Every structure is written in structure tokens, then in C-alpha cells.
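The values are calculated or read from the model by the stated rules, or taken from the named source; none is laboratory data. Note that this is a predicted model, so its numbers are computed, not measured. Please note: Cβ atoms are built from the backbone with ideal geometry, for glycine as well, and neighbour counts cover all protein chains shown. The protein model used for the area step is the full one, side chains on, heavy atoms only, and it has no ligands, DNA or RNA in it. Shrake-Rupley method; radii C 1.70, N 1.55, O 1.52, S 1.80 Å.
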Amino acid sequence: LVAATPIFKGHRGSARPAASHRPVGSAAVGIHLPVHAPLPDRQDEGPRHLSRAYVQLRPNSLGRHAPAKHGLQDPPSAPGRLELLALRLARRQAPRNVRPAGAGGRADAGAKQGPPQRGRPVPRGVRAEPRRDGAHLWVHALLVHPAPVLRAPAVQVQPAEAARLCRAYCRGLFRVPHVRSLQPDGRGGAVHPDAAVFLFTRRHAKQTRDMRGGRAAAGKINFTDCDSVLARNPSVFGEPPKELVKDEVTGEMMSKTALKKLQKKREADAKKAAKKKEQEAKAAAAPAKKKSALASAEADDQLEPHQYFANRCAAMQRAHAASEGGEGATPWPHKFQVSHTLPEFVAAFSGLADGARDEATTVRVAGRAMRKAGQGKLIFYDLHGGGAKIQVMSDPKSYKAGADAWEAINDRLRRGDVVGVVGKPGKSKRGELSIFPEALELLSPCLHMLPKGQGSEVLKDPDTRFRKRYLDLMVNEGGAKVFDVRSRIVRGVRKYLDDRGFLEVETPMMNMVAGGATAKPFVTHFNELGINVFMRVAPELYLKTCVVGGLDRVYEIGRQFRNEGMDLTHNPEFTTCEFYMAYADYHDLMDMTEEMISGLVKEIHGSYKVKYQPKDGAEFEIDFSPPWPRIPMLDGLVKALSTHEKPVDAAWLVAPGALARPDAVDMLKKAHVEAGVELCAPPHTTSRLVDSLVGELLEDTCVNPAFITEHPAEMSPLAKYHRAKPGLTERFELFVAGKELCNAYTELNNPFVQRERFAAQSADVDAGDDEAMVKDEDFCVALEHGLPPTGGWGCGIDRLTMFLTNKNSIREVLLFPAMKPEQNAPPPPPPGDDADAKIRALCAQVAAFGVKPCCGV
């Protein structure tokens, strides 16, 4: 039995009230059967003796009046605050059939269970079942409230009659409308099939006291037997009235009071339904309220990206289908005639006064709408294109097609759409250059939701930016400026060389021999010839043969391919400029390099000084002012080793033929160890070991531009030997901020020495150096025809762009850099050899029919 709300045992054996019937301030008490001993008839002990009846109280039901281990503490002192009625169904017999039911389980049937002992907690749940040979239940009525416990004598009744009496007593005494019975379910089951459960809350307290006539009235409830109680006071048990009336609607028999309440409720429901119907009719008759031109766009912005994409695709497909039927314009028109590009518009009308509008001029411009906002009947767009931005200020008064057409087109346009605008140029009151449209046209919709925000860092994730460069250029303002500077650099280099009589040529990108530089090449397959060829690592050898043929000054700006690592300054494919100038040497090329690059810096930035931010460390300044220092390689290396924090004596390096010594490799390794420089990766050849020391001790110290000159012959197989220093070559490399920018030398034109150099490089190849240069016999034969004294020069366009745009990664200055494949990328196609085998097999089948196949089988 519970007060306030029905108790339902959960799946773990815990009692919980039905959530839909839980009133504020209610309590819940579960009576677990049976009672093992009659309650004493002593009024001074109060409700504490309920512990003998296995009372379980919800922990927070009475607030500060929490349950004790063995029962209830004293109830609240305020009379009538909470009154609980407990009906106890008990057996005559001893409790040998009582079994615990914690967590819905069952104990052994033969286990003897007694009442809880002092010092032990009350069981979480106890299930009692009547003995099969018994036919009667004992009913005890207990009234628990601040007054002493009142105990009614037991009444012997039948089980079904006991349940009826319980429900009747609860209804009659407390006027509780909802009385429910717990039903056994086998696991989280009820206390007893016939146990009654009822609702009782504080709101019934006053009514209860009035019915009982105070505490004294409670003592009058003294049951002697079922029949006498019913005969003496049938209203107490809530017996149904003798006169019932029939509900004409449902045909159900009920009391007059219940019928009257039901009729009132029906009348109220009918009035409410009539009022709602009247409101709906008024709303239907009222004119349709126009939707704001921004409402659809604002609603779409709240969607998830995939939902936005699905809705946008459906809308554009409907519009396109309607246009094919002659209704409306297609979202993808064929042509829109523009009179000005956005940069031209900015240049032509920037001089207008604030708030002015040129009514005499009509312009046609187009661009991508990157912002859409509104204020009343005024819609704003930011139109981007060609590195420029203007504002579109659209209002229905200026729109020639009328207000409805203005509403329709502005409702269709979204952020990211390509839009054509026809209108008058002018400026807003705040001085922002604008166009006031007379017509708007959707030229190409953006179906995807763009990243939100404005500025240069809307899209920050590098992987997304490099894989989807179009998105980076679209949403990050200023992203195109890097590639504008790159284009200006290429144009500047081309103009410098063209002005000095150089001829731009193109050379093959697939070569039979990977020559021209010490680098590992990419290998590809030439299907027609059935041979493997190499993607070029440099165009040098072809350009030299052009000079042999009489083209004294030639250059090429193009892509090179090197199958090496990827890092901040290296990409497998990159752009270089190489030129070759007959009758010049490396001194002339150093002067030209200073003049060309310093001039480009001055033209682009207006100064020789630029800021550069490395990936690690603080930003610093690079000064390109000429002249630049020139450092002989071996002399500078010996000086750097001697002044190192761990001084190393390396004077032997400057002796003639030092690197040709048999112990040169061992001596260079020793220098690495003594200077604390990490050895390069194998193979440990003299050229690789020297390059490792130079990279650590010389190149990293070159912040401002500096030339490192006179490389050993072992490191420069194509450079001409030094005219005054045996074992060295007339070569230089330009370093800026520790990075190589240019490489040039006086070209070797002696075919015999060139063959010797190729032979030495072949030895390195045999040692495992896959970057060493292999012999190109065709080039040697060309040298035998006579190469004039020539200077050759090469520069990396990508790295020069990095310095002039303050980017520390080469991927920032390449529109589409090389990227690692995504994890879910589709598998690569099968290799070409398998496809060729299938084709040959098919050709053989065709030939079997006497027809000559096109593949020649």
C-alpha cells in the first residue's frame, strides 16, 4: 500500500512511483507482507512499530524525516501535513513461505524468513504468496498520523472481498479517484495479487480531517466483521449509489454527479473546437503574408551541410525543369554580357562622392556573392571577383521588373552564388563603392554550404585548403594575392630576359636519360615504344645543345619532377627558370642575379627589405639590397669549423686535390663527429659528406642573400673546372634565409673532361647513390661539336615566391600541391602492363579470324 502515488517495483527490485502521477511533496510507502507478530496495543510507542510490518519508505519522500534502518522515524509534527493509510494483508500462519525478491529474483522456496532483526536493514523487497490450502486473508486497518497509532481488530473475509473492501475504504475515506491494484508479473512482481494501492496527497488532508471529524473520529473505525461494518456505515466504504443514470452518448451507466461533470466537459470542448475553427477560417480568409526576401536564406543557414545541399539541389533542379517548360530562367544560363570587370569597375568609379549615384551610366558586372544581409526593404551583397570587391545595394524601387520579381530573385540567391548585376554605379552614405541594381540574374548556384565568416582565415584547416584550393580562394580574402605575386615574379623574370635578347624555348619533359641535375627521377612508361622513360629533373642538357646549335641566349620556365621527399621547401613537381648565355661566366651570372632579384623585390614591395616568418621562431627581416657577399665553399667551411663551439682543424680541405685523397671520406666523417654534425644518409660519398657540413655550418647562417661559390668538382659534374684552383669549379649557389634559391656555373664544354665526370658519377651510382647523374652519351657527342664558353643559371620560382609573399611552406604558393592520398581514397587503377596484356590477347583473337588488328599482332 502506498500513499501519494502507486509503487511499481523496477527491474532491479527497486520501488518507483509512476512519473505521470507524482505530485509535489508526496511520499511513498510500500507495505511488504506479511506481519509476523501483531502490533502492540500501546499508544505511547507510536509509528516506530511499523518496522515490524516490513515498511519500506522512499529515501527522499519525507524530506528531513528519512526512514530509519528498521522503520519510520516520527512523522512530521504539523497535523495533517502528511497522512498515510496502510492496509496490511497477512496470513494466519507463521512466515515460513515468505521469500525475498530483491532485483526481481526469487529465493529458495524452503528458506525460512523471519522479521528483520535489529541492526540489519529492511529488505528491499519481500514477496508473500498465500498457501494453497488457505482460503482467507486477515485485514488490519492502520491509520498513521501524528496521533498515536490506532489499531482496528482483524476481520476475517474472503480474498476477493478483502480487495474490494480495501478499495472501497480508500475511496470512501479519502475521496481518491484513482485506485489501482498491483498485478503480479513473475519477476518485478507485486506484493500480493489482492493488495490494494491508492493515491493520496496533501490536497486531500483537509477533506480527510473534515470527514473524520478530527483525530477522535478516527477511533470510531472499529471493524468487527464485514457485514456489520457495511450495514452500519456503508458510505465509509464508498459503496456505489443505488440510483444510476445512463449517458446518452456512450450508453454507460454512471452517477448523476459524474454525468453532470462529463456534460460540462463536453460543452467546454465543443466551445473550444468552435473557437479554433473560427480562427482557422479567419486565417484562411486573410491575405497571404509575404515572406521576407531573407527568410529562406536565414532558414537555410540553420540546416546541417548535407541538408542544405539536398534542399539546394532540389530547388535548382525544379527551377531548371521549369525553365525548360518556359517558366522562369535557368539557374545555368549560357551567357551574361559584362561591361566591366570588378577591378575595372573599382578603377572607373572610385572617385564618386559619398552617397552619390551616377544615374547616366548603366554597367553590367558579375561576380560571386559572398555575403547576404538585409535591412528592411534593402538587401546587401558583397560581390567578389578578380581580386576586387564591390557592394550590391538592392531595393524594390530601383528594380525594373517590379517588387514581386525583386522578392523572387532575392529569395533565390544564396551566399556563394555567381550573380550578374545590371545597374547604376555609386557609393553608399558611408563611402563604400556600390552598384544599385536594376536587374539581378543567377548565373551559377553554389549548391554547398560555405564556411561562415569573413576575413583571411575563414577556412583554416591546411589539409582542406590544399585539397580544395577553390574553396580556399573563394572564402579566404587575400588568398589570390599570393598567386598574383607569383605571376608578377614570372612576368618579371621573363621581361628581364626578353629585354636582354634571350629566346624562350621548350624542351622535352620525358627523357631517355635522367640528366641535368643530381636528383632521383620519376619513371614512367612509353606504351607506343614499349620503353621506360624519365620525367625530367632539369632542362639543362637540352638547353646547352640549343647553344651548341647557335641559339646563344635561351631560357625556359617550366615544371621539373624529382622523386624526393616533401617538406616545407620541397615538392615533387616544381617550377624553375633556367637560362644559358654564350660568352659569359659565373661572375657575370652573379651580377645578373643581384640585378634581377633585387629589382623584382623593389618592384613588388617598393623596398629591398621584406618580412619573413619561418615556421619556428620569430619573424625577421631580409634585406635584398645589393651587393651580396660571396663565400668560397671550402674556405668558408674551414673557417666555420675552426670557429665552431667545438673547434675542428680542417685546413686539409683547402689543399689541392683534398677530396681525391683515399682517406677523404674518413676525414670528413671525423669532422662530422668532432663538430657534432649528424652524418647524412648512406652512401657516404665525398660530395654528400661535404654537402652535409656546408648545409649545417654555412647555409643556415645566410639570412640575407649570399653566394656560396667554388664548389668541389665531385659535387658539380657539369660545371667547368676553376681556372686558378685545381679540384674546384666555377659555380655558385644563392642562399636566402638558409634556403637555396639559385644555382649557376660556368658550363663545362670540354667533352673529354665531361666523360670523366660522368664516369665518376657512375661510380657513385654503383655505390648506391640514386641521385647521382648517369652518363648521357648524346650530350657528350653534342659537346664534341663545340659549345661556346657559356654561363648557365637556374632559379626556383616557388621559393622566390615564398620569400616575397612571407610564406614558410611551398604548398602555400602552389595552387595544387602534392598531397598524401586520403584514407578513404579509391584504389589506384591496375598498372598499364596488365591493360596492355589484355589488349594483346584481344588482338590475337582478332588475328585468328584472318583480320590484321590495329595493334599489329
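Residues that are open to solvent by 30 Å² or more (accessible area, probe 1.4 Å), modelled with pLDDT of 85 or more and within 15 Å of G416 (Cα to Cα) within segment 289-312 comprise P305, F309, listed in sequence order.
For segment 338-362, residues that are out of contact with any Gly (no Cβ under 9 Å at 6 or more places or on another chain), in a loop (DSSP other than H, G, I, E, B) and in contact (Cβ under 8 Å) with a residue 12 or more places away in the chain total 4.
State which residue is least open to solvent (accessible area, probe 1.4 Å) when the search covers only segment 726-742 and only residues that are closer than 29 Å to H785 by Cα and in a loop (DSSP other than H, G, I, E, B). If we take residues in segment 726-742 being closer than 29 Å to H785 by Cα and in a loop (DSSP other than H, G, I, E, B), then E730 is least open to solvent (accessible area, probe 1.4 Å).
So, of the residues in segment 394-414 that are buried (at least 20 other Cβ atoms within 10 Å of the Cβ) and of a type outside the set (G, A, S), which turns out to be nearest to the chain's Cα centre (by Cα)? Break it down into steps so the answer makes sense when it comes.
Taking segment 394-414 as the starting set, the residues that turn out to be buried (at least 20 other Cβ atoms within 10 Å of the Cβ) are 394, 399, 406, 409-410, 412-414.
Then drop every residue that is not of a type outside the set (G, A, S), which leaves 399, 406, 409-410, 412-414.
On the way: Y399: 41, W406: 37, I409: 33, N410: 31, R412: 28, L413: 26, R414: 23 Å.
That would be R414.
Of all residues in segment 743-760 being closer than 19 Å to V690 by Cα and surrounded by 21 or more Cβ atoms within 10 Å (Cβ to Cβ), which is farthest from the chain's Cα centre (by Cα)? Taking the candidates together, the pick is R757.
Taking segment 632-649 as the range and being basic (K, R) and within 28 Å of H587 (Cβ to Cβ) as the test, only K639 passes. Test each condition in (1) out of contact with any strand residue (DSSP E or B) (no Cβ under 8 Å at 6 or more places or on another chain); (2) over 30 Å from K807 (Cβ atoms); (3) of a type in the set (K, R) for K720 and report the one that comes out false. So the condition that K720 fails would be (1). Among residues that are in contact (Cβ under 8 Å) with a residue 12 or more places away in the chain, farther than 16 Å from P343 by Cα and assigned to a helix (DSSP H, G or I), E407 is included. The residues of segment 776-820 that are outside any loop (DSSP other than H, G, I, E, B) and basic (K, R), listed by number, are R799, R811. Apart from one condition, D616 fits all of (1) open to solvent by 20 Å² or more (accessible area, probe 1.4 Å); (2) modelled with pLDDT of 90 or more; (3) not hydroxyl-bearing (S, T, Y); the exception is (2).
In the set (1) open to solvent by less than 50 Å² (accessible area, probe 1.4 Å); (2) of a type in the set (S, T, Y); (3) touching a residue at least 24 places away in the same chain (Cβ under 8 Å), Y721 fails one condition alone, (1). Beta carbons closer than 7 Å, at least 6 apart along the sequence or on distinct chains, pair a first residue in segment 565-586 that is farther than 19 Å from G792 by Cα with a second that is aromatic (F, W, Y) and open to solvent by 20 Å² or more (accessible area, probe 1.4 Å) for P572/F561; E573/F561.
Could you list, in sequence order, the residues of segment 322-337 that are within 19 Å of T362 (Cβ to Cβ) and open to solvent by 60 Å² or more (accessible area, probe 1.4 Å)? It would help to see each step written out before you state the result.
First, the residues of segment 322-337 that are within 19 Å of T362 (Cβ to Cβ): 335-337.
Scanning segment 322-337 gives K335, Q337.
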